[in-house]
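Beneath this line is the structure, given in structure tokens, with notes to follow.
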Amino acid sequence: MQLKDQVALVTGGGSGLGRAIVERYVEEGAHVAIFDRSHERIEEVTRALGGKVIGIAGDVREMADNKRAVVECVKAFGKLDTLVGNAGVWDWSKSLVSTADDALVSAFDEMFAINVKGYVLAAKAALPELYKSKGQMIFTASNASFYPGGGGVLYTATKHAVVGMIKQMAHEFAPHVRVNGVAPGGIGGSNLAGIGALGQAGQKFSELPLNDLMKQMLPLERAFHAREYAGAYVFFANRKDNQPGTGGVLNFDGGIGMRGFASANMGAELVEAFGNA
Ligand SMILES: NC(=O)c1ccc[n+]([C@@H]2O[C@H](COP(=O)([O-])OP(=O)(O)OC[C@H]3O[C@@H](n4cnc5c(N)ncnc54)[C@H](O)[C@@H]3O)[C@@H](O)[C@H]2O)c1
């Protein structure tokens, strides 16, 4: 029970990685407020997890919705220890050259509004309560926060912006509130949505052959499920183990940066030397 009696607010907690974080936090003894734009998903998660969670339907792009989420959380559970900023959308690696001029402006605004403004507004709304509790913020970054090829120009720019945001907030809020990030790679069990302005609303992340893609691309040679990423969020929320950390972003992506010039089949020599384990 690493989070016994702790209270967290998770944006995008209705699906994929956010839902896995919510489930793991509850397992670890926390109470959790789920803030998501999908009523159906909120209902499904709150039904499954019972009295340990509440749901707030709203849009992370709206200051009023972010404030309401914090107020509802504190009303239900008495305090807030951890904000997890996580709600996000993808651009399906749409290249700049293939993006029509008239779609680009609205696509840029939509992408930055959800992936960056959504985090900044959540932080602003949660800060007074986190100051009181000496709590922490944890933001979902991405492999696209460090490397190209995990999205198009728009997505990659938003996720790089998230790293700068984390560092600046860590600087501004120390020593009272710590701010860290987790940078996952491809996530199994995700329903990551595209952007409406690019006509991607109907595309389904779950239809990607994620296992095959990750096997080819990652040194660790497989896709990881949302549940396997959730432990990193426990680490950053757990008050016992992470007190020295602020401004850090954990690369938690199957080793993308460890590939270098080599093919993904890097451990072949070990198999030759030691046989199949
Ligand atoms: N899926 C991946 O492979 C992957 C890889 C690296 C990073 N990420 C990041 O992980 C985070 C979670 O994504 P996921 O893959 O779990 O996707 P997901 O779509 O399964 O979950 C995201 C949730 O955010 C909610 N949401 C989206 N826009 C919102 C808004 N404007 N207001 C309120 N809620 C909103 C959605 O309703 C959804 O429930 C995102 O920040 C994403 O960029 C995903």
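Go through the residues of region 203-220 one by one and say whether even a single one is within 21 Å of residue 11 (Cβ to Cβ), within 15 Å of the ligand (Cβ to nearest atom), aliphatic (A, V, I, L, M) and surrounded by fewer than 21 Cβ atoms within 10 Å (Cβ to Cβ).
no
For region 19-40, give me the residue count where each residue is within 14 Å of residue 56 (Cα to Cα), among the small types (Gly, Ala, Ser) and surrounded by 24 or more Cβ atoms within 10 Å (Cβ to Cβ).
Summing the residues that are within 14 Å of residue 56 (Cα to Cα), among the small types (Gly, Ala, Ser) and surrounded by 24 or more Cβ atoms within 10 Å (Cβ to Cβ) in region 19-40 gives 1.
So residue 41 clears everything in (1) within 11 Å of the ligand (Cβ to nearest atom); (2) farther than 23 Å from residue 228 by Cα except one condition, right? Which one?
(2)
Look through region 145-155, keep the residues that are within 11 Å of the ligand (Cβ to nearest atom) and part of a helix (DSSP H, G or I), and return whichever of them is farthest from residue 93 (Cα to Cα).
145
Quick one: would you say residue 55 is surrounded by 20 or more Cβ atoms within 10 Å (Cβ to Cβ), within 13 Å of the ligand (Cβ to nearest atom) and assigned to a loop (DSSP other than H, G, I, E, B)?
So residue 55 does not fit the description; no.
Just to be sure I understand, how many residues within region 126-150 are surrounded by fewer than 22 Cβ atoms within 10 Å (Cβ to Cβ) and within 24 Å of residue 59 (Cβ to Cβ)?
Total satisfying the criteria: 3.
Only one of 260, 247, 275, 254 is at positive phi and either touching a Leu at 6+ places or on another chain (Cβ under 8 Å) or within 16 Å of the ligand (Cβ to nearest atom) (or both); which?
After applying the criteria, what remains is 254.
Going by what's in this entry, would residue 242 be described as modelled with pLDDT under 90, in contact with a helix residue (DSSP H, G or I) (Cβ under 7 Å, 6 or more places away or on another chain) and of a type outside the set (Lys, Arg)?
In short, yes.
Does region 74-87 contain any residue that is surrounded by fewer than 23 Cβ atoms within 10 Å (Cβ to Cβ), within 12 Å of the ligand (Cβ to nearest atom) and modelled with pLDDT of 95 or more?
No, that holds for no residue.
So which helices (runs of 4 or more DSSP H) stay within region 173-274 end to end and still have 2 or more residues that are closer than 28 Å to residue 152 by Cβ and in contact with a strand residue (DSSP E or B) (Cβ under 8 Å, 6 or more places away or on another chain)?
Once the helices (runs of 4 or more DSSP H) in region 173-274 are filtered for at least 2 residues that are closer than 28 Å to residue 152 by Cβ and in contact with a strand residue (DSSP E or B) (Cβ under 8 Å, 6 or more places away or on another chain), what remains is 210-217, 226-237.
Before we move on, is residue 107 surrounded by 18 or more Cβ atoms within 10 Å (Cβ to Cβ), away from the ligand (no atom under 13 Å from the Cβ) and over 12 Å from the mean Cα position of the chain (by Cα)?
Considered against the rule, which asks whether it is surrounded by 18 or more Cβ atoms within 10 Å (Cβ to Cβ), away from the ligand (no atom under 13 Å from the Cβ) and over 12 Å from the mean Cα position of the chain (by Cα), residue 107 comes out as yes.
I'm told residue 230 meets every condition in (1) of a type outside the set (Val, Ile, Thr); (2) under 17 Å from residue 150 (Cβ atoms); (3) crowded, with 16+ Cβ neighbours inside 10 Å except one. Can you identify the failing condition by its number?
Only one criterion in (1) of a type outside the set (Val, Ile, Thr); (2) under 17 Å from residue 150 (Cβ atoms); (3) crowded, with 16+ Cβ neighbours inside 10 Å is unmet by residue 230, namely (2).
For region 63-90, which positions are outside any helix (DSSP H, G or I) and closer than 30 Å to residue 199 by Cα?
Across region 63-90, the qualifying residues are 84, 85, 86, 87, 88, 89, 90.
Please list, ordered by first then second residue, the pairs with beta carbon atoms under 9 Å, 6 or more apart or interchain, first in region 203-230 and within 22 Å of residue 89 (Cα to Cα), second in a helix (DSSP H, G or I) and of a type in the set (S, T, N, Q).
Every condition considered, the pairs that remain are 223/211.
Given 62, 27, which one is within 15 Å of the ligand (Cβ to nearest atom) and either of a type in the set (Asp, Glu) or modelled with pLDDT under 95 (or both)?
From the options 62, 27, the qualifying one is 62.
In this structure, is residue 19 within 21 Å of residue 233 (Cβ to Cβ), near the ligand (Cβ under 10 Å from one of its atoms), part of a helix (DSSP H, G or I) and without any contact (Cβ under 8 Å) to a residue 60 or more places away in the chain?
No; evaluated as a whole, the condition is false for this residue.
Taking region 75-102, which residues are more than 18 Å from residue 138 (Cα to Cα) and touching a residue at least 40 places away in the same chain (Cβ under 8 Å)?
76, 77, 78, 90, 91, 92, 93, 94, 95, 96, 99 - these are the residues of region 75-102 that are more than 18 Å from residue 138 (Cα to Cα) and touching a residue at least 40 places away in the same chain (Cβ under 8 Å).
The values are calculated or read from the model by the stated rules, or taken from the named source; none is laboratory data. Just so it is clear, the structure is predicted and the values come from calculations on it, not from any experiment. Cβ: placed from backbone, ideal geometry, glycine included. Neighbour counts: every protein chain shown.
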